[in-house]
Amino acid sequence: MTAGHAIFIAVLVIALAFFSYNAQRLVRYMLSVGQPDDRSGGVAVRIRNLLAIGLGQTKILRDPLPGMMHALIFWGFVVLTVGTAEILISGVVPGFSYAMFLPGPLYALYTLSQELFALLVLAAVAMLLYRRIVVKPRRLQGDRVHSGDAIFILAMIGALMVTLISLGAAEFALHPGAGSIFKPASFALSQAFGALSPASLEAIRDVSWWGHALLVLVFLNYLPYSKHLHVITSLPNTYLSNTSGPGVKGAMSYMDLEAEGVEVFGAADVTQLQWKNLLDSYSCTECGRCTAACPANLTGKPLSPRKIMINTRQRLMELAPLATGDFGEFEHPHLDMGEGADARRQGVDADTVTSALGNRLLDNYITEDELWACTSCRACVVECPVSIDQLDIINELRRNLVLMESRFPPEIQPAFESMERNGSPWAFDPGDRAKWADGMDIPTMAEMVERGERPEVLFWVGCMGSFDDRAKKIAVAFARVLQAAKIKFAILGQEEKCNGDPARRMGNEYLYQMLARDNIETLDRYGVETIVTNCPHCFHQIGNEYPQLGGNYEVIHHSTFIEKLLEDGRLPLNGEGRALTVAYHDSCYLGRYNDVYDAPRETLKRSLPVVTLVEPPRNRSRGLCCGAGGGRMWMEEKEGKRINVERTEELLATGADVLAVACPFCMTMIRDGVAAKDSDVPVYDIAEVVAGQLTAPSASPRTP
Ligand code: SF4
Ligand code: SF4
């Protein structure tokens, strides 16, 4: 063994030891500061996510050009790590090479893969540097992102590729021979070395080798201190993410309000978040894809989901050294510091301690205004390439604001009170809940049971359909469709209450559980199995979140239900009407929460005689929220442009004759938007479109 090998082994051991120390420190921070969370289930979905989103990079490729550059760097890392291992091992075991045990053709393919990916990664790095330094896209600015850090890392990756290729080129120049076809980059560069002496070539080879090996070790140890920690955490984060199977996507976490010993509900600090939320914060690449898609942010509100993640990480890094005992023993208001604080006092100054213990995530890092600006649209979650759930943190902080501190915008107080007293967010008489159906011969469940009958489905009308004048017409239209298809259905009438979703999204879990449990009791009493509803919020809440409280039903959105009726030929259509161009607006709770994108479009295509569907630039999983979700329906929009106006402008710009929706909340927001733009383009729910095409006498207005 040479002196060089001995020195390298010493450097390698120190570098790996330092990295291990930092890795265990970060894991310790996450697990001892964060609350427990069982992520052991859903293995099949997790593996699928890991393969598709993690290895396949499907989410990052949603933004094609920069996505491809990043994906190339990721795939390059995977392939080149094999070569890096060979280089590092050769520093420990003199003369080591995979050629020692790989058959010749396989080794040739391996060298080819290394060379090609080194070139691809180099090209991707050059383009990303150009983009960051020259183009400066908007989404890479703001939120005090670490741009210098990104440039430094990109430069380091570029240097790694250059040293890899120069190492290969020097080797090739020293030992020219066959196989240049498998080493195209090394071969090309070696031609430039043609006139150099063997001693110079050996010097280039040694400098390249040391340069590459040391860069790898510096890179590895820089990661824990940089936003590029995601290089290590993004795959585990994707595997452990909120899985996307039915019933779990977008569902808020269960909260046991009667759990013994629990004194804090929701989260005011990182100590009350779950450890997975903290892993999310480690994994944020600061790419800004979430913020660029956020309807609140792009209309000038103070919310940026990227900032939520950056600030969560910063707060964790401020508190965790104290909380876990790295800086000795301190009292903390939210955390049992007992066993973790093992008096490893490291001379941290008093100001740092005072400030860290006096701060908290809520208020000091994330303000109330940011939290209440969220529409719960999930655009941020869907866009995040490393499967972070920013909305989870927003929801937990909202819960704490409401349940622990009774802090919420004053204008939602009447909605809370009305939900509690009247079972709906508006102060209508619960006795009028079924008035929309007067004269339609629609039985309630109680009436049907009294007759000894059972319906095929229960039509869950929802508060909008029951009380809002415009939405009542949608309820009527859908009931006409059901009657035309001869579906035996019933409604709950006065026994139906708000599903509780607005209360839950606005942080009032007590109220939510009260309403949900009442509804579950009613549904179970009637033995309801299948529910159909025209409201995506009812659809999501009853179908995906009631199971947390023991309510298990098959819930079908009316778009899917009507599509099936049309497919089965159960609706008599008149086939009349002029050719129409229709722009459909995707509801967040139907689309991003439940992946229902095609059914409303198919319903329009199948029911209208001649229709051209046109799409606004933001559509399907990228559709822009109407601005009503997350309880925003009941809050004033004081800052920036109105979200519904922004969305309506996009829809009107398609030039469509008709705007179509499949959600009563979207109906209100888009109609208001149309009015604000002084436009006379009509807005219809898909049920109204279908009802307008029925041959049977219909009380619904004809679509144009
Ligand atoms: S859920 Fe929607 S509104 Fe809320 S932070 Fe995410 S993108 Fe913004
Ligand atoms: S949360 Fe996700 S999408 Fe948003 S900046 Fe971080 S990595 Fe990018």
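The values are calculated or read from the model by the stated rules, or taken from the named source; none is laboratory data. Note that the coordinates shown come from a computational prediction; the quantities given were computed from them, not determined experimentally. A quick note on method: Cβ atoms are made from the backbone with ideal geometry, for glycine too, and the neighbour counts reach across all protein chains shown. In case anyone asks, the SASA skips ligands and DNA or RNA and just uses the protein heavy atoms, side chains included. Shrake-Rupley method; radii C 1.70, N 1.55, O 1.52, S 1.80 Å.
Selection of the stretch 228-240 for residues being among the hydroxyl-bearing types (Ser, Thr, Tyr) and farther than 13 Å from residue 284 by Cα yields only 239.
Identify, from the list 169, 203, 188, the residue that is open to solvent by 20 Å² or more (accessible area, probe 1.4 Å) and within 18 Å of residue 122 (Cβ to Cβ). Steps first, please.
Details: 169 fails: open to solvent by 20 Å² or more (accessible area, probe 1.4 Å); 203 fails: within 18 Å of residue 122 (Cβ to Cβ).
Testing whether each residue is open to solvent by 20 Å² or more (accessible area, probe 1.4 Å) and within 18 Å of residue 122 (Cβ to Cβ) leaves just 188.
Selection within the stretch 388-425: residues that are hydroxyl-bearing (Ser, Thr, Tyr) and surrounded by fewer than 23 Cβ atoms within 10 Å (Cβ to Cβ). The member of this set that is nearest to ligand 2 (Cβ to nearest atom) is 406.
One line per residue, one yes/no per condition, for (1) over 34 Å from the mean Cα position of the chain (by Cα); (2) assigned to a helix (DSSP H, G or I); (3) over 19 Å from residue 285 (Cα atoms):
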residue	(1), (2), (3)
95	yes, no, yes
106	yes, yes, yes
116	no, yes, yes
121	no, yes, no
130	no, yes, no
133	no, yes, no
150	no, yes, no
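The number of residues in the stretch 216-231 being part of a helix (DSSP H, G or I) and either touching an Asp or Glu at 6+ places or on another chain (Cβ under 7 Å) or open to solvent by less than 40 Å² (accessible area, probe 1.4 Å) (or both) comes to 10.
Counting the residues of the stretch 584-632 that are in a strand (DSSP E or B) and crowded, with 23+ Cβ neighbours inside 10 Å gives 1.
Among residues of the stretch 646-673 being hydrophobic (A, V, I, L, M, F, W, C) and surrounded by fewer than 20 Cβ atoms within 10 Å (Cβ to Cβ), the one that is farthest from the chain's Cα centre (by Cα) is 658. Residue count for the stretch 68-83 satisfying the condition of being under 21 Å from residue 236 (Cβ atoms) and open to solvent by less than 30 Å² (accessible area, probe 1.4 Å): 4. Among the listed residues 205, 289, 315, 306, identify the single one that is more than 16 Å from ligand 1 (Cβ to nearest atom) and over 30 Å from residue 4 (Cβ atoms). Unique residue meeting the criteria: 315. Of the residues 368, 339, 331, which single one is at pLDDT below 65 and more than 20 Å from residue 275 (Cα to Cα)? Exactly one residue qualifies, and that residue is 331.
Filter the stretch 426-467 down to the residues that are buried (at least 22 other Cβ atoms within 10 Å of the Cβ) and in a loop (DSSP other than H, G, I, E, B), then identify the one that is nearest to the chain's Cα centre (by Cα). Top of the filtered list is 461. With respect to the conditions (1) part of a helix (DSSP H, G or I); (2) away from ligand 2 (no atom under 16 Å from the Cβ), residue 382 lacks only one, and its number is (2). Suppose the filter is in contact with a Leu (Cβ under 8 Å, 6 or more places away or on another chain) and under 17 Å from residue 277 (Cα atoms); does residue 223 pass it? Judged against the criteria, residue 223 is not a match. The sole residue among 125, 121, 134 that is β-branched (Val, Ile, Thr) and surrounded by fewer than 13 Cβ atoms within 10 Å (Cβ to Cβ) is 134.
Taken over the stretch 299-321, the residue count meeting the criterion of being away from ligand 2 (no atom under 14 Å from the Cβ) and of a type in the set (D, E, K, R) is 3. Scanning the stretch 248-306 for residues that are closer than 26 Å to residue 637 by Cβ, basic (Lys, Arg) and within 14 Å of the chain's Cα centre (by Cα) yields 289, 306. Here residue 63 meets the list (1) modelled with pLDDT of 95 or more; (2) under 34 Å from the mean Cα position of the chain (by Cα) almost entirely, failing just condition (1).
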